[in-house]
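Here is the structure we will look at.
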Amino acid sequence: MKLTLILPSVGKIEGEKYIRAWQMEPLPLAQLAALTPDDVTISFFDDRMESIDYDHPADLVAISVETYTARRAYQIASEFRRRGIPIVMGGFHASLCPDEVSDYADAVVVGEAEGVWEDVIADFKNGQLKERYQKAINFGEYDIIPDRSIYEGKNYLKITLLEAGRGCKFRCEFCSIHNVFQQRHTHRKITSIVNEIRKLKNPKRLLFFVDDNICSDKEYAKELFRALVPLNIKWVGQADITMVRDEELMVIMRKSGCQGILIGMESLDKEVLKKMNKAFNASRLSPAEAIKKIHSFGLRLYLTFLFGYGNDSPEYAEKVLRFCIDNKIFMVGFNHLTPFPGTELYNTLEAENRLLFEKWWLSEDYRYGMIPFETPQDKTMIEEQSKYLRKSFYSLRSILYRMSNWINIKGWMMLNIYFIINLMLRKDTGQRMRFPLGDPNQTIICRKSKV
């Protein structure tokens, strides 16, 4: 049996290279490859890095779908289905919108692939492929090491992705994580994680734990970090601001090799944080005090901010910009609010009749960086404001000024990474705005019933 794995891009612009910051290793597909039986021959095409050979021999094609890549995924699926090759789709968007995805695929995997993928392959071999697969599983029970051999020959960013757990205990209204994982937060066995790291071809490369919140279960996190100490690795991850309440956690985190952490700061306005269902961000320490404390433990920061909740005056935007520059943050994401299907935010906007597209992720008129709903303030202003903030924060003057925070550039590796990331994001500032979803040259998307 021949299986082709596909990772779709967000979209295509003829004559332009894909956004470099969006070219990290696709960990879910390496996990899928590891779950695939040995008697299956695997081919892998990454639409972000290369052209897809639609005539490459394949019995079955598997496509991982995110909301931003859904339109492109359906275009790719259409090309394969025209050739009579069946399609199975999975991923976050397949879990959020399984009925929609089933219009473009022969089979849909809802939720996690562990405990399910083996059934998909077996059913296909027996000519009994089902339209939908879904099973409640505990991710931590599966001792699977991703098959990173599928990355060979592809020029991904020099950072290795791995995961310790899935899910998050919080319920932020704009986030789909708790919907996809049904409010569960599961963890891998720590011995399995340690074993995976020891088997990496290049363990000295910076590692990125892609967990949505690696510190959500603080006792598990401490146990994990203690186990990482002897490995002498350097890693980054994602957490929430409440980690500052536990100094023991941050001490062990730093000893384990943590170089920095991504935190969704989202807003400096307490009322907006309440609307987001993220009031925990505003508890106890002020944002500046929390940042100072995290820096005191030698940890770099990647902060993200959201705009579109109604407080987006030019004065507020300048306040956020000054806050980030004055506190010498390593890197910052300035993003406008995007309603993903299945989230509380999306359902609220739909009920209030404020959505501008029936499904913005499938619209030919939608572009990356557009706000797809009615906002209290002018949408164009908010969109341009986000672009202005990125351009200003990643100006050469700002990049050089933030170097004066010695934590940002301590060590040759992180000095190098500081310049690479900041200059890369400086270049990407304008490129990502108005980026199309899908390939404009593939205008016909055949629905399952019409192929």
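The values are calculated or read from the model by the stated rules, or taken from the named source; none is laboratory data. The model shown is predicted, which means the values in this text are computed figures rather than measured ones. Here Cβ is always computed from backbone atoms with ideal geometry, including for glycine, and neighbour counts include all displayed protein chains.
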**Request:** Return only the number of the condition from (1) closer than 29 Å to Asn311 by Cα; (2) not in a loop (DSSP other than H, G, I, E, B) that Met414 does not satisfy.
**Result:** (1)
**Message:** Being among the hydrophobic types (A, V, I, L, M, F, W, C), buried (at least 18 other Cβ atoms within 10 Å of the Cβ) and assigned to a loop (DSSP other than H, G, I, E, B) is true for just one of Phe323, Phe340. Which residue is that?
**Reply:** Phe340
**Request:** Would you check if Arg71 is of a type in the set (Lys, Arg) and closer than 23 Å to Glu112 by Cα?
**Result:** yes
**Asked** Which of the residues that make up the range 201-216 are buried (at least 16 other Cβ atoms within 10 Å of the Cβ) and not polar (S, T, N, Q)?
**Response** Leu206, Leu207, Phe208, Phe209, Val210, Asp211, Asp212, Ile214, Cys215
**Asked** Quick one: is Tyr142 surrounded by 15 or more Cβ atoms within 10 Å (Cβ to Cβ) and at pLDDT 95 or above?
**Response** no
**Fill in**
The strands (runs of 3 or more DSSP E) lying entirely within the range 112-213 that contain at least 1 residues which are among the acidic types (Asp, Glu) are none
**Request:** Name every residue in the range 1-41 that is more than 16 Å from Ile52 (Cα to Cα) and among the β-branched types (Val, Ile, Thr), in order of residue number.
**Result:** Ile19, Thr36, Val40, Thr41
**Item:** Single condition Glu364 does not satisfy, out of (1) free of Cβ contacts under 8 Å to residues at least 24 places away in the same chain; (2) under 30 Å from Val180 (Cα atoms)
**Value:** (1)
**Message:** Given (1) surrounded by 17 or more Cβ atoms within 10 Å (Cβ to Cβ); (2) more than 18 Å from Ala30 (Cβ to Cβ), identify the lone condition not met by Lys135.
**Reply:** (1)
**Prompt:** So which of Ile52, Ile85, Ile42 ends up being surrounded by fewer than 23 Cβ atoms within 10 Å (Cβ to Cβ) and farther than 23 Å from Glu152 by Cβ?
**Reply:** Ile85
**Request:** Considering only the range 177-200, state which residues are of a type in the set (Ser, Thr, Tyr) and either in contact with a Phe, Trp or Tyr (Cβ under 8 Å, 6 or more places away or on another chain) or under 16 Å from Gly342 (Cα atoms) (or both).
**Result:** Thr186
**Request:** Determine whether the range 444-451 contains at least one residue that is touching a strand residue (DSSP E or B) at 6+ places or on another chain (Cβ under 6 Å), modelled with pLDDT under 95 and either in a loop (DSSP other than H, G, I, E, B) or aromatic (Phe, Trp, Tyr) (or both).
**Result:** no
**Request:** Select, from Asn353, Asn335, the only residue that is of a type in the set (S, T, N, Q), assigned to a loop (DSSP other than H, G, I, E, B) and under 24 Å from Asn179 (Cα atoms).
**Result:** Asn353
**Request:** State whether the residues of the range 369-380 include one that is modelled with pLDDT under 90 and not in a loop (DSSP other than H, G, I, E, B).
**Result:** yes
**Request:** Considering each of Leu345, Leu389, Leu303 in turn, give the residue that is of a type outside the set (Lys, Arg), assigned to a strand (DSSP E or B) and within 23 Å of Glu271 (Cβ to Cβ).
**Result:** Leu303
**Message:** Would you confirm, using the coordinates I've provided, whether Asp99 is of a type outside the set (Ser, Thr, Tyr), over 28 Å from Gly438 (Cα atoms) and modelled with pLDDT of 90 or more?
**Reply:** no
**Request:** Would you check if there is a residue in the range 415-433 being of a type in the set (A, V, I, L, M) and over 17 Å from Ala21 (Cα atoms)?
**Result:** yes
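Yes/no per residue for (1) part of a helix (DSSP H, G or I); (2) of a type in the set (Ser, Thr, Tyr); (3) in contact (Cβ under 8 Å) with a residue 60 or more places away in the chain; (4) over 30 Å from Thr348 (Cα atoms):
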{"position": "Leu249", "(1), (2), (3), (4)": "yes, no, no, yes"}
{"position": "Met253", "(1), (2), (3), (4)": "yes, no, no, yes"}
{"position": "Ile261", "(1), (2), (3), (4)": "no, no, no, yes"}
{"position": "Met265", "(1), (2), (3), (4)": "no, no, no, no"}
{"position": "Leu268", "(1), (2), (3), (4)": "no, no, no, no"}
{"position": "Phe280", "(1), (2), (3), (4)": "yes, no, yes, no"}
{"position": "Ala290", "(1), (2), (3), (4)": "yes, no, no, yes"}
**Asked** Residues in the range 5-24 that are surrounded by fewer than 21 Cβ atoms within 10 Å (Cβ to Cβ), in contact with a helix residue (DSSP H, G or I) (Cβ under 6 Å, 6 or more places away or on another chain) and in a loop (DSSP other than H, G, I, E, B): how many?
**Response** 1
**Request:** Please identify the pairs in which a residue from the range 107-119 that is free of Cβ contacts under 8 Å to residues at least 60 places away in the same chain has its Cβ atom under 6 Å from the Cβ atom of a residue that is aliphatic (A, V, I, L, M) and buried (at least 21 other Cβ atoms within 10 Å of the Cβ), counting only partners at least 6 apart or on another chain.
**Result:** Ala107/Val88; Val108/Met89; Val108/Ala94; Val108/Val101; Val116/Val109
